1. What are the residues in segment 133-147 that are over 15 Å from LEU49 (Cα atoms) and either in contact with a helix residue (DSSP H, G or I) (Cβ under 6 Å, 6 or more places away or on another chain) or β-branched (Val, Ile, Thr) (or both), if any?
2. Please go through segment 197-210 and pick out each residue that is out of contact with any strand residue (DSSP E or B) (no Cβ under 8 Å at 6 or more places or on another chain) and either closer than 18 Å to ALA46 by Cα or not aromatic (Phe, Trp, Tyr) (or both).
3. Determine if segment 164-172 includes at least one residue that is more than 25 Å from ALA101 (Cα to Cα), open to solvent by less than 30 Å² (accessible area, probe 1.4 Å) and of a type outside the set (Phe, Trp, Tyr).
4. Could you identify the single residue in VAL118, VAL140 that is over 20 Å from LYS187 (Cβ atoms), modelled with pLDDT of 90 or more and within 16 Å of the chain's Cα centre (by Cα)?
5. Only one of LYS62, LYS30, LYS67, LYS55 is modelled with pLDDT of 95 or more and more than 19 Å from ALA186 (Cβ to Cβ); which?
6. State which residue pairs qualify: first residue among the acidic types (Asp, Glu) and inside segment 26-48, second residue in a loop (DSSP other than H, G, I, E, B) and surrounded by 15 or more Cβ atoms within 10 Å (Cβ to Cβ) in any location, beta carbons under 9 Å apart, and separation of 6 or more residues or different chains.
7. Taking into account only those residues within segment 26-49 that are in contact with a Leu (Cβ under 9 Å, 6 or more places away or on another chain) and not β-branched (Val, Ile, Thr), which is most open to solvent (accessible area, probe 1.4 Å)?
8. What's the total number of residues in segment 150-186 that are touching a residue at least 40 places away in the same chain (Cβ under 8 Å) and part of a strand (DSSP E or B)?
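The values are calculated or read from the model by the stated rules, or taken from the named source; none is laboratory data. Note that the coordinates shown come from a computational prediction; the quantities given were computed from them, not determined experimentally. Reconstructed Cβ throughout: ideal geometry from the backbone, glycine too, with neighbour counts over all protein chains shown. These area figures cover heavy atoms from the full protein model, side chains too; ligands, DNA and RNA do not enter into them. Shrake-Rupley method; radii C 1.70, N 1.55, O 1.52, S 1.80 Å.
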Amino acid sequence: LKDLKQCKDMAINYNMLSSDNIWMMTALTKLSSDVFTHPDMVNRVADMLNFFLEKLTGKERKEYRVKDMDAVFCKPKSLLRSLTRIYSHLSGSNNFIRAIAQDGRSFHPNLFPQTIAVLADLGAMDLEEDMRSIEARVMVAMAAVSQESFLAQDAPEEFLCLIMDTLMADPVVLPSGKVVDRTSIAKHLLTSPTDPFNREPMTIGDVKPDEHLKQRILEWTEEKKRSGDQLITCLL
């Protein structure tokens, strides 16, 4: 009985904390989306939002059964509304839309349709329409990401990020002299403020953009796209 009470108290504390955090993030993203959609932050934000959206609207949501939700401050409907408002607040940023599509853990093609279905059951028509609009843009971003992944298979080794082995969009030089994509090192620094190649302390301010390499990657990418378009035209 004592253990059960402790578990109940913990559940109440966690539920209250999560509600407060989501409410605060909803308010902050309404005021300004700049920090949350910054290239150094946006992928982590999108991954987090997709993870919780899947938990609230996916098949597993039916496994979370609470007899008296008010007793443990469990408010999944309110959380879902707040979560989708955050998506809406951040959706003006192309960085955010792209980051959603790049999330290989929680995002899947049915994430938004299942969310829209739950919102429809709640009668949240305004949020439902917002999510439909976001879904359409994410699908376009997914196609672009797939094309870039295809291009990376044939890319020169110097064009690939040494951390993620993906085609770099914004190459930067680390203090160790290694060249990686800015997004990759930004993710790494969120959990370990060190240069991953020599373990020396560093911050994102220590990286130096490699504009020459960036231009070469851009020119190579455009040429590959033109070649692909020409091939498709010939086949048709």
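1. Kept after step one, since they are over 15 Å from LEU49 (Cα atoms), are these residues of segment 133-147: 133, 136-137, 139-147.
Passing the criteria: ARG137, VAL140, ALA141, MET142, VAL145.
2. As a first pass, look at segment 197-210 and keep what is out of contact with any strand residue (DSSP E or B) (no Cβ under 8 Å at 6 or more places or on another chain): 197-199, 203-206.
Passing the criteria: ASN198, ARG199, THR203, ILE204, GLY205, ASP206.
3. Within segment 164-172, the subset more than 25 Å from ALA101 (Cα to Cα) is none.
Among the residues of segment 164-172, not one is more than 25 Å from ALA101 (Cα to Cα), open to solvent by less than 30 Å² (accessible area, probe 1.4 Å) and of a type outside the set (Phe, Trp, Tyr), which makes the answer no.
4. Of VAL118, VAL140, the one residue that is over 20 Å from LYS187 (Cβ atoms), modelled with pLDDT of 90 or more and within 16 Å of the chain's Cα centre (by Cα) is VAL140.
5. Numbers: LYS62 fails: modelled with pLDDT of 95 or more; LYS67 fails: modelled with pLDDT of 95 or more; LYS55 fails: modelled with pLDDT of 95 or more.
Every option except LYS30 fails the conditions.
6. So the pair list comes out as ASP34/SER93; ASP47/ASP103; ASP47/SER106; ASP47/PHE107.
7. ARG44
8. The first filter runs over segment 150-186 and keeps only residues touching a residue at least 40 places away in the same chain (Cβ under 8 Å), leaving 151, 154-156, 158-159, 167-171, 182-183, 186.
Okay, now just the ones that are also part of a strand (DSSP E or B), so 167, 171.
Matching residues across segment 150-186 total 2.
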